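The values are calculated or read from the model by the stated rules, or taken from the named source; none is laboratory data. Everything numeric here is computed off the predicted structure, so don't read it as measured data. Positions of Cβ are backbone-derived with ideal geometry, glycine not excepted, and every protein chain shown enters the neighbour counts. To get the accessible areas, we keep the full protein, side chains included, count just its heavy atoms, and leave off ligands, DNA and RNA. Shrake-Rupley method; radii C 1.70, N 1.55, O 1.52, S 1.80 Å.
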Amino acid sequence: MSYRTFIPLLLLVVSCGRKSSSPVADAVPAPQGAEAVAAVPEPSGTDAGGGETGTDSGVAAERPCELRWTVASAPDRTLLDGALAGGVAALLYGVGEGFVLLMAAGDPPEMLAVSLPGWPDPSGPAEGSPAGAVASYGDRFLVAYGPAGPERVVLRLRAVTAVRGRLIPVNAPGAPGSDGAPVLELPAPTPEARPTVLLHAYSRGVVLGAGFLEAEPAVGTAVVRTPTGAPAAEDVFAWRLAVESGGPGGGRWRLESPAGPELVRYVGPLGGTALGMTAAGTPVLVPAPPRRAPFAFADGWVPAPGEAIRFGNERLVREEPRAGGGLLAVVYDVRGRVTARLALPSGTRPLAVSRAPDELLVLGPDGEPGLCIADQPPRLPTRLDPRGVLASPTTGSGSCGR
């Protein structure tokens, strides 16, 4: 099976009439049309991208990951999630009057903020705290966002190009979902319950879920959408997600597949397949690739319930205590091979993983996000103040919001 790869270029438009100095910034135009090609590759029998450094033995040299920049906290704004692709970081912020996607790229980094449409919604909930998630998807970021009020959580799903920060049309005019209306609504079991938002990208579509996993019984729902946020066929995947109560530790997502009656705990995406754990504690891929040995991570890792794992294009990253203190970020490819073991800066944890094995978006002890890159000389990281950019975001249109 063949597949395509796409590496997003550095962010272009930083403010109206001002562009990045990158000479190749215009080499890849922003996708046009409702179903512009997305470039999350299918898994295959060959190494993705041709430049893999994964090891079948699971042994990879530990390397330091040095902070290049951090983003200062913004008053009255809540950082909800982040994603990373091709050197472009996307941070989702929620605030009472709306949601903004902050994008940063380059060295020194430049920033662009995109206002996400639909909230506040005069016909929707009048109150609620912000909820949402971001996922990288080749040439774009997928953003789920909306209010989580005492009665329900309501989420929209929009795509924003990684190159220029433009909103991609959800669907053709007049087609289902073309107005960008909410795609998921879930009643809250209690007024104080807070939802968990799941946004996972696969090569054939996007899974968006919301669940009140700490409720008893746990409740949740998931929908499948296209890479622009439009409705997708129900049979895109050979499985579906459901929520089951997990006892004192809270509920969990499970995989339901007609190919096998066994209930499998859902972990997340691994290329074009879903990664799950059987009741016996064995990792499995659903659907199982044909003519392939049972799946296992090369270093013997077994995902534990509730373990902090972050997903990116054909990558996942987990935390591991480091000898002598601190944390390692262990990065895996779609075959379960270790592509990197990165010693994180003191007090930081992984927030997002890129397809490149040597860069991570991290979250500091004070909740401030930052970018760290391996094999770089130590230096004081650049500290970015996002307040001015967040206060005057573009609308994601083609001409600075006009």
For the range 212-286, the percent of accessible surface on carbon and sulfur atoms (probe 1.4 angstrom, ligands and nucleic acids excluded) is 53
The range 255-346, convex hull of Cα, quarter of hull surface, nm² -> 6.6
Per residue, accessible area of the range 275-372 with a 1.4 Å probe, heavy atoms of protein chains only, in Å², comes to 40
Note: the range 301-378, point scatterers on Cα, Debye, no solvent; log10 I/I(0) at q = 0.16, 0.22, 0.26 Å⁻¹ equals -0.54, -1.04, -1.41
Other residues with Cβ under 11 Å from the Cβ of Leu213 give, with Lys and Arg +1 and Asp and Glu -1, a net charge of -1
Quick numbers on the range 147-209, Rg and Dmax over C-alpha atoms in Å, give 14.1, 41
Long-range amide H partners of Val236, meaning residues 5 or more apart or on another chain whose placed amide H is closer than 5 Å, are none
Working note, the range 118-241: Cα radius of gyration (Å, one decimal) and Dmax (Å, whole number) are 14.4, 44
Check: C-alpha center the range 145-193 vs C-alpha center the range 265-328, spacing in Å is 28
The Cα radius of gyration of the range 226-301, divided by 2.2 N^0.38 Å with N its residue count, comes to 1.20
The range 211-256 accessible area per residue, 1.4 Å probe, protein heavy atoms, integer Å², reads 48
With +1 on the Cβ of every Lys and Arg and -1 on the Cβ of every Asp and Glu, the dipole magnitude of the range 279-400 about its Cα centre, in debye rounded to the nearest 20, is 300
Distribution output for the range 273-312: share of Cα-Cα pairs per 10 Å bin in percent, first bin at 0, values 24, 61, 15, 0
For 101-110, 159-168, 321-330, ranked highest to lowest by mean beta-carbon neighbours within 10 Å, the order is 159-168, 101-110, 321-330
